[in-house]
Amino acid sequence: MQDSTDTPNTISDLSIRPAKPDDATGAEQSPKEQQAQDPAIPVEFGEPQKKKRSKPRPKSKRGKNKPTGFEEYYVDAPITPQQYEDEREIYDVSRPLLFRLEDALLRYQKNRRLESDRREVFLKYLAYGGVDVGQKMFGGVDDRDLQALDSEQILQARALASIRKDKSNLTVDFDAVVRGYLTSFFPYYFNPENEDMVKLATVTIRNFLSYLLYHDVCPEYKENIDQARTSCDIAAKELWKNQQFMAKGPGDFNTACSTLFGGDLYNVSVLGHDWKSSKDDSPLLTNDAARKIIKFALACAGEDAQTLRFLELDKQNALGATRIEDIDGFEITAIHPPDQVVCGFYDAQASDLNPVGKVLAKSYRDPGLPAYDRSPEEDMVGPPELEFEFFLEGNLLQYCYPGMKVITPVWEMNCGFYYFEDVNRVYGSTYTVLDNDLMLGWKKPKDLTGTQDDDDDNDDDDASSVTL
């Protein structure tokens with residue numbers, strides 16, 4: 001008997017499966033179906049068909065290249081006669097200014113594409129100017145509700161800005177708000193790190209003011225709005241210079257004086273107070289390098305009397321400095337950059353140093369800081385009116401301009417010149433201090449004692465606010 005494990009010798013010994021008849025329709029089975037029914041049948045599959053990828057929509061349809069309305073040469077399109085008549089009705093002078101500004105804000109935000117950074121700057125500007133910014137409580141609508149509204153009602157429903165009625169008794173000054181926002185609030189709330197951020201803020205606000213003029217929203221304030229636009233142009237030139245001067249100051253000469261004669265750096269280098277935290281990790285000046293910087297500055301930019309007095313006191317080892325009290329800093333009045341003779345002398349004798357020029361300034365008190373505690377007799381005399389002459393390198397003089405206000409400690413040398421230390425803050429020529437930033441986030445207090453009726457509270461709320 002042949003073992004069951006032996007290989008068959010003839011074809012008849014092979015087990016053959018009978019072919020399956022076609023189904024009644026006579027349709028042939030696909031290779032995949034045959035493979036599924038009988039795994040023993042080898043099937044050759046062809047290449048799978050590639051899925052067609054959908055082409056991405058062009059940027060123009062996605063809105064990426066859509067004009068934002070803030071381009072350099074962008075202008076509003078001409079309006080139709082019907083639109084003109086509608087605007088004459090909306091912005092009629094007989095209507096209160098509060099309602100006209102609300103309607104202008106609605107249409108401005110509709111016609112401009114405010115990206116995230118620009119929107120944040122613009123909304124903070126509105127809040128600084130007294131406009132309530134934010135989503136209305138219990139005022140949201142869904143798409144189904146919007147379908148039943150017309151275009152004007154949709155604008156009202158999607159509004160994110162409102163002006164309360166109790167703001168109508170406040171002074172309206174577009175220029176003061178622009179100066180206060182751009183010079184005292186924006187630089188220290190947003191801390192712009194590049195010039196593009198400064199331009200974003202100034203261009204956005206100027207664009208909104210131009211919209212008010214173009215659509216004749218408040219013709220009674222036309223001159224004030226023009227002046228506010230000029231303040232935007234001034235801030236666009238000065239803000240970035242202020243940021244650079246604050247980051248790169250006080251310069252080599254003032255650093256050398258602070259190291260040798262008095263100040264924070266003197267405490268570090270001479271007294272050994274290592275708790276001083278500098279702006280950067282740059283190494284401290286050695287005494288020899290500091291003396292070289294001072295002597296070259298006096299020789300090139302100083303007066304003869306200052307130089308002789310400095311040398312005389314230096315021989316006696318009597319050089320010293322005293323900090324000037326009752327001032328916050330100085331305001332620049334004139335700038336004298338180093339001339340070609342001075343630059344040539346530095347190149348020939350001290351190529352490792354920066355040529356030094358002069359800055360003329362006067363004492364300055366910051367109105368945004370608390371007043372000094374002075375006696376009645378001192379108040380009768382008034383704060384000191386001092387004039388300074390600082391030595392400053394040419395690479396820092398390029399950021400200076402008349403009217404710049406520098407908040408920094410000022411020291412007087414006993415040989416007749418002045419120097420200053422680390423720059424704490426820098427303000428522009430149009431620096432304005434307002435109380436508006438103190439009101440950001442303020443809410444009307446509520447009576448928690450229960451002595452006031454709820455009806456009175458509701459009446460006050462209805463009378464003090466208006467919803468867009």
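Among Asp86, Asp288, Asp328, the ranking by other beta carbons within 10 Å of each residue's beta carbon, starting with the fewest, stands as Asp288, Asp86, Asp328. With the simple spin-label model, which puts each label point 7 Å out from Cα in the Cβ direction, the Asp226 to Asp166 separation comes to 3.7 nm. Peptides 249-258, 441-450 ranked from most to least packed give 249-258, 441-450, packing being the mean of other C-beta atoms within 10 angstrom over each peptide's residues.
Which residues does the label zone of Glu312 cover in the stretch 410-425, counting backbone N under 17 Å from a point 7 Å along Cα→Cβ? Zone members listed by number: 413-417. For Arg164, the residues 5 or more places off, or on other chains, whose built amide H falls under 5 Å of its own are Asp132, Val466. Placing a pseudo-label 7 Å from each Cα along the Cα-to-Cβ vector at Asp347 and Ser94 gives an inter-label distance of 7.4 nm.
Distance from the C-alpha centroid of the stretch 159-229 to that of the stretch 408-432: 31 Å, rounded to the whole angstrom.
Projected label points at Tyr84 and Val381, each 7 Å from Cα along the beta carbon direction, are separated by 6.7 nanometres. Each of Ile163, Ile90 was scored by other Cβ atoms within 10 Å of its Cβ. Arranged with the fewest first, they read Ile90, Ile163. Phi angles of the stretch 422-428 translate, via the Karplus equation with coefficients 6.51, -1.76, 1.60 and θ = phi - 60°, into HN-Hα couplings of 4, 7, 7, 8, 9, 10, x Hz per residue; Gly and Pro are given as x. Counted by neighbouring Cβ atoms within 10 Å, the residues Met380, Met439 run from fewest to most as Met380, Met439.
Sorting 318-325, 406-413 by their mean Cβ neighbour count within 10 Å, with the most densely packed peptide first, gives 406-413, 318-325. When only the Cβ of Lys, Arg, Asp and Glu is charged (+1, +1, -1, -1), the dipole of the stretch 250-421 relative to its Cα centre reaches about 360 debye.
If you bin all the Cα-Cα distances of the stretch 250-421 at 10 Å, starting from zero, the percentages per bin are 9, 35, 37, 16, 3, 0.
No value in this document is a laboratory result; all are computed from the given coordinates. These numbers were taken from a predicted model, which means no experiment stands behind them. So basically every Cβ, Gly included, is an ideal-geometry build from the backbone, and we count neighbours across all protein chains shown.
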